[in-house]
Amino acid sequence: MPLRRLVTGAAAAALALGAAALAPTAAAAAPAPAAATAYVALGDSYSSGNGAGSYDAASGDCRRSDNAYPSLWAEANDPDSFDFAACSGARTDDVIADQLGPLDADTTLVSISIGGNDAGFGDTMQACVLQGTSACLEAIDTANAYIADTLPGELDTVYDAIAEAAPNAEVVVLGYPRMYKLNGSCLLGISEQSRAAINGASDNLSSVISKRAADHGFTYGDVRPAFSGHEICSGDEWIHSVTLPIGDSYHPNAEGHAGGYYPVLESLA
């Protein structure tokens with residue numbers, strides 16, 4: 001064989017081998033299909049977006065807002081499916097009775113805030129605003145006893161139900177912010193003693209919820225750091241004080257969902 005043909009053939013073989021070595025297989029070259037994301041948002045008014053405006057008329061008294069953190073997460077992440085089941089006023093038993101329908105083995109993400117209404121949040125705030133410091137502190141003592149003694153079992157029941165209905169889902173449990181900036185800019189309203197006691201109850205609620213979530217293998221999202229500097233009396237409030245309509249009172253506004261709740265969910269989901 002002529003040397004030129006020998007060299008040419010050897011070079012061609014080397015190039016072919018090199019190309020084969022460098023070229024990925026067809027299976028490796030094709031990217032794996034992205035896993036489908038099926039997101040279900042459960043919970044109470046802090047999840048439905050009560051106080052954030054732009055409500056879905058079809059949601060009625062549940063007051064599901066386009067500005068709520070579940071809607072913001074769905075808009076930013078474009079899941080394959082999004083079921084917004086959270087409802088203003090919901091307690092743990094309401095979640096079990098009315099909100100678990102969208103969950104199944106294909107659900108990949110669940111978010112929830114729950115427990116505040118079970119602990120009597122609305123009645124406590126009403127007592128603090130309308131009946132003075134003594135009645136406020138008494139109502140908070142009652143709420144704290146409920147948070148310590150009864151709420152853990154109720155959370156266990158609802159968390160067990162979620163895990164059973166959506167066994168493959170990542171579950172993110174969102175907590176509640178502290179309500180007041182102490183020694184802040186408010187010149188009127190409830191006493192500073194009442195404000196501190198309300199914040200203490202929020203901390204107790206967060207401690208119980210985070211512990212129960214962790215014991216179920218769920219991820220807890222503490223929103224208190226995100227709301228720091230944006231409480232009532234901060235001068236840059238992300239939480240309503242007393243409002244008209246009264247139902248928005250003591251709930252996060254649109255900024256509270258966009259700047260407080262949504263970043264926490266986004267960082268964990």
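The values are calculated or read from the model by the stated rules, or taken from the named source; none is laboratory data. Predicted model only: the values in this text are computed from it and were never measured. FYI the Cβ positions are ideal-geometry reconstructions off the backbone, even for glycines, and counts take in every protein chain you see. All accessible areas refer to the heavy atoms of the entire protein, side chains included, with ligands and DNA or RNA removed. Shrake-Rupley method; radii C 1.70, N 1.55, O 1.52, S 1.80 Å.
Going by what's in this entry, would VAL223 be described as hydrophobic (A, V, I, L, M, F, W, C), under 22 Å from LEU187 (Cα atoms) and either free of Cβ contacts under 8 Å to residues at least 60 places away in the same chain or open to solvent by 30 Å² or more (accessible area, probe 1.4 Å) (or both)?
no
Out of ALA196, ALA258, I need the residue that is of a type outside the set (Ser, Thr, Tyr) and closer than 23 Å to CYS136 by Cβ. Which one?
Details: ALA258 fails: closer than 23 Å to CYS136 by Cβ.
The match here is ALA196.
Given the residues ALA27, ALA58, ALA23, ALA19, which is the only one that is open to solvent by 80 Å² or more (accessible area, probe 1.4 Å) and at pLDDT below 95? Working first, answer last.
Details: ALA58 fails: at pLDDT below 95; ALA23 fails: open to solvent by 80 Å² or more (accessible area, probe 1.4 Å); ALA19 fails: open to solvent by 80 Å² or more (accessible area, probe 1.4 Å).
When all the criteria are applied, what remains is ALA27.
Which one of these is closer than 25 Å to ALA161 by Cα and either assigned to a helix (DSSP H, G or I) or over 17 Å from the mean Cα position of the chain (by Cα) (or both): ASP123, ASP61, ASP141, ASP83?
Numbers: ASP123 fails: closer than 25 Å to ALA161 by Cα; ASP141 fails: closer than 25 Å to ALA161 by Cα; ASP83 fails: either assigned to a helix (DSSP H, G or I) or over 17 Å from the mean Cα position of the chain (by Cα) (or both).
Being closer than 25 Å to ALA161 by Cα and either assigned to a helix (DSSP H, G or I) or over 17 Å from the mean Cα position of the chain (by Cα) (or both) holds for just one of ASP123, ASP61, ASP141, ASP83, which is ASP61.
So which of ASP123, ASP118, ASP80 is out of contact with any strand residue (DSSP E or B) (no Cβ under 9 Å at 6 or more places or on another chain) and open to solvent by 50 Å² or more (accessible area, probe 1.4 Å)? I'd like the intermediate steps shown before the answer.
Values: ASP118 fails: open to solvent by 50 Å² or more (accessible area, probe 1.4 Å); ASP80 fails: out of contact with any strand residue (DSSP E or B) (no Cβ under 9 Å at 6 or more places or on another chain).
From the options ASP123, ASP118, ASP80, the qualifying one is ASP123.
Restricting the search to region 54-70, which residues are touching a helix residue (DSSP H, G or I) at 6+ places or on another chain (Cβ under 6 Å) and not aliphatic (A, V, I, L, M)? Working first, answer last.
Step one: list which residues in region 54-70 are touching a helix residue (DSSP H, G or I) at 6+ places or on another chain (Cβ under 6 Å), which gives 62-64, 67-69.
If the condition is that a residue be touching a helix residue (DSSP H, G or I) at 6+ places or on another chain (Cβ under 6 Å) and not aliphatic (A, V, I, L, M), then CYS62, ARG63, ARG64, ASN67, TYR69 are the ones that fit.
Quick grid of which residues meet (1) farther than 19 Å from TYR46 by Cα; (2) outside any strand (DSSP E or B); (3) under 17 Å from the mean Cα position of the chain (by Cα); (4) among the aliphatic types (A, V, I, L, M):
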position: GLY189; (1), (2), (3), (4): yes, yes, no, no
position: GLN193; (1), (2), (3), (4): yes, yes, no, no
position: ALA201; (1), (2), (3), (4): no, yes, no, yes
position: SER206; (1), (2), (3), (4): no, yes, yes, no
position: ALA213; (1), (2), (3), (4): no, yes, yes, yes
position: GLY217; (1), (2), (3), (4): yes, yes, yes, no
position: HIS230; (1), (2), (3), (4): no, yes, no, no
position: GLY235; (1), (2), (3), (4): yes, yes, no, no
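List pairs: first residue in region 135-155 and under 22 Å from ALA196 (Cα atoms) and polar (S, T, N, Q), second residue modelled with pLDDT under 95 and surrounded by 17 or more Cβ atoms within 10 Å (Cβ to Cβ) anywhere in the structure, Cβ distance under 9 angstrom, at least six positions apart or on different chains.
If the second residue must be modelled with pLDDT under 95 and surrounded by 17 or more Cβ atoms within 10 Å (Cβ to Cβ), no pairs are left.
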